[in-house]
Amino acid sequence: MSESTVPWPGHWTPLGATYGAESTNFALWAPDAERVEVCLFDGDGDGETETRHTLINRTFDVWHGRVPGVRPGTRYGFRVHGPWDPAAGLRFNPAKLLVDPYARAVDGDLVAHPAVFGHLRPSLEAGGDPSVRDDRDSAPYVPKSVVVDDTGFDWGGDTAPRVPWAETVLYEAHVRGFTKRHPDIPDELRGTYAGLAHPAAIEHLTRLGVTTVELMPVHQFVSEPDLQHRGLVNYWGYNSLAFFAPHNAYAATGTRGEQVSEFKSMVRALHEAGLEVIIDVVYNHTAEQGEGGPTLAYRGIANDAYYHLDPDDPSSYADYTGTGNTFRVAHPAVLGLVMDSLRYWVGEMHVDGFRFDLASALARSMHDVDMLGSFMTVINQDPMLREAKLIAEPWDVGPGGYQVGEFPHLWTEWNDRYRNTVRDFWRGMSGGVHDLAYRLSGSSDLYADDGRRPYSSINFVTAHDGFTMRDLVSYDHKHNEANGEDNRDGTDDNRSWNHGLEGAAGDDDPAVAELRKRQIRNFMATLLLSTGVPMITAGDEMCRTQHGNNNAYCLDDETTWLDWSLRESCADLLEYVRRLLRLRAEHPVVRQRRFFEGVPLVDGGRKDIAWFAPSGAEMTDADWHDDSRQTLGMFLNGHGIRSRGPHGEPIVDDSFLLWLHAGADDAGITLPTGMWPSAYEVVLDTADRHAPGKQVTHGETVTMLGRSTLLLRALD
């Protein structure tokens, strides 16, 4: 380690490392610090050298200086001096090298070693004492920030696809897991941004018919030391460290800034294919965990500003996220960091939107969730971000954190009411069809009262968190033994059904195996024919399994990597999903932009939506409150679409009659008479009892196999 001359004064803005022709400006906001050093690193491993430069200039609580000769690719970090007073919420420790909160790239990974903790922890087995400072140098064991030149990337004619919300189909995927086993992608590109940009990966997405790829976290993250100590990793990535930096382990080209260009190239390739890119962002907490966690960045810079602390004991954290800490986005400087990060990903990296993990935590002011608070207000006023797609996971684990249906107008929401209702219906535990009708028609009970639209509802049956769709129909219980927590982790509220035999045993029973396949088709038909925005979890379109693990966050292996051989063994399901997505794309009647009203659009016409009992009669109040009902018909009137085309023209489509039957026994359903269509043709039958194109007439009774879906297109 060496001490250099004092840097040039530089400037307090922009924050982070900004490269210029002959020098790089460093700026760090640290209001209570007594001294700040920027540390530059040369060499690798045992030959690594560190040069420290003291930033003597301070403007508006920002320490800054310009260091000559520092070029892109240089690794750096900060050491921040100040009081060690955990009881007052202050945890300064200059022995700990800190990642720049504004770092555009990060090199290296976190090594599980006691020195990475700011407090005394003799070993990883020992809990240590969070009140006692540890003076061992952490630099050999922590990631380094990297100076990046953001200029010069050739975007060509890159244009955002700007898919309207009502036409959007989300596909939730993991960068590494989606491509790691793909046989048509070169070995050196598998598991990387370049792999996702490969024509073979893009061809699957475009042939499938999705419009928007929602990537699980790509902000630089690390695996928790205790998890590493158990021989596992944080595979999902919900453990963010640097909010501007693309995760370096997903880069094929290098980690000294090359990951930035590689990510941009991936976005450009997906855009060229007409696919949007949404990234899953985790601003609600960081990788530093609770008071017993490592000191990697924010804790050592301004602990009492970056985190919600317990007001009765500032040495501990208010945990609304279940991770040990909650990022204090209501603080002006922290809010500025988050907003700068969001603008960077839209403006510089060209992403099309964000899915916000545990978004309720971001809306907490002091401690309560406030939808009129600073975070929501600033996004609503930002001309760049209000044009981006915003998806909330509308809950956290704190009091009052469940906020489904409560987010502002610009936001869409993961609708877990949809997930739970659809799962319960198809396993025969729904308690009637009243709630199902709301979910099929856009969840107006959640979103209509404050002027929101049907596409405010992100409809999903599965997500990364929980069973895959194949496991949903194959397991009654979670099987998380591989996670090393004695199967205690993961939810027990799976609303799943193994159909008589647990797991793989059922695949050897022809009757169970066939019923499971039909149930997957039922789930897919329900999801893709519902009003709202559907989200498919990667691999569900071809029977991916995690062998009953419903919390595979720590497994970076074949459990979580997509098995591409399923394209052949589950080709029938894959083609079925493609057909459903083509149907959805071709028919605006199943992707409404306004809520149904249950009345005709014009006098004397048919209702825009109507609900039928198996008798062919419209549902009565008594029918809606009959908890034993397991069959529901939904008529969608293609001449009753309430939204207009781009020039104000009426939108006219075919009309459809959808029947969902969750009962175990066959059911006879009578087609409505009177003013309703006189004839239909079969579009799909998940039981394959009625062939596509078969014609049926009004008043006719059609037999549906137990647990099946029937879609009919009106011929008049």
Inset, instruction - Give me the accessible area of Lys607, 1.4 Å probe, in Å² rounded to the nearest 10. - result: 60
Legend entry - Packing-based order for 626-632, 481-487, using average beta carbon neighbours within 10 Å, highest first: 626-632, 481-487
Inset, instruction - Note the full-extension length gain between Thr377 and Ala679 as 0.36 nm times their separation in residues minus their Cα-Cα distance, in nm to one decimal. - result: 103.5 nm
Legend entry - Mean accessible surface per residue for region 541-617, computed with a 1.4 Å probe while every protein chain stays in place, in Å²: 41
Inset, instruction - Using a cut-off of 11 Å between beta-carbons, work out the net charge of the residues near Glu575 (Lys and Arg +1, Asp and Glu -1, Glu575 not included). - result: +3
Legend entry - Rounded to 10°, Cα long-axis angle of helix 510-529 versus longest principal axis of the chain: 80
Inset, instruction - Just grab the label-to-label distance for Ser615 and Ser123, each label 7 Å out from Cα along the Cβ direction, in nm (one decimal). - result: 7.5
Legend entry - Set of region 290-316 residues, backbone N closer than 15 Å to the point 7 Å along the Cα-Cβ line of Asp226: 290-295
Inset, instruction - Take every Cα-Cα pair in region 611-716 and report what % of them are more than 16 Å apart. - result: 59
Inset, instruction - Calculate how large, on average over all directions, the projected area of the Cα convex hull of region 274-358 is; give the answer in nm² to one decimal. - result: 6.2
Inset, instruction - Quickly estimate the mean residue ellipticity at 222 nm for the chain, helices only: each DSSP H run with n ≥ 4 gives -39500 (n - 2.57), and the total goes over all residues, rounded to 500. - result: -5500 deg cm²/dmol
Inset, instruction - Compute the acute angle (0 to 90°) between the alpha-carbon long axis of helix 571-586 and the principal axis of greatest extent of the alpha-carbon atoms of the chain; round to the nearest 10°. - result: 80
Legend entry - Lys pairs, the chain - Cα-Cα below 28 angstrom, 8 or more residues apart or on other chains: 11
Legend entry - Degrees, to the nearest 10: 416-426 long Cα axis against longest axis of the chain: 40
Inset, instruction - Starting with the highest mean, order 134-141, 89-96 by the number of other Cβ atoms within 10 Å, averaged over the residues of each peptide. - result: 89-96, 134-141
Legend entry - Reduced Cα scattering model of region 525-650, Debye log10 I(q)/I(0), q = 0.10, 0.16 Å⁻¹: -0.53, -0.96
Legend entry - Potential extension, Gln695-Arg71 segment - 0.36 nm per residue separation minus Cα distance: 217.5 nm
Legend entry - Most to least packed among 51-61, 688-698, 416-426 [average Cβ atoms within 10 Å]: 416-426, 51-61, 688-698
Legend entry - Fraction of accessible area attributable to carbon and sulfur, region 244-377 (%, probe 1.4 Å): 48
Legend entry - Carbon plus sulfur fraction of accessible area for region 165-243, probe 1.4 Å, in percent: 49
Legend entry - R0 of 51 Å, Cβ-Cβ distance Ser365-Glu481: FRET efficiency to nearest 0.05: 0.80
Legend entry - region 537-682 - percent of accessible surface contributed by carbon and sulfur, probe 1.4 Å: 49
Legend entry - Probe 1.4 Å, accessible area per residue of region 299-350, Å²: 28
Inset, instruction - Give me the net charge of Asp150's neighbourhood, meaning all other residues with Cβ under 9 Å from the Cβ of Asp150; Lys, Arg count +1, Asp, Glu -1. - result: -1
Inset, instruction - For region 88-127, report the accessible area per residue in Å² (1.4 Å probe, heavy atoms, rounded to an integer). - result: 25
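The values are calculated or read from the model by the stated rules, or taken from the named source; none is laboratory data. Here the structure is a predicted model, which is why all the values come from computation and not from measurement. Every residue, glycine among them, receives a Cβ derived from its backbone with ideal geometry; neighbour counts consider all protein chains shown. Protein only, heavy atoms only, side chains kept; ligands, DNA and RNA dropped before computing areas. Shrake-Rupley method; radii C 1.70, N 1.55, O 1.52, S 1.80 Å.
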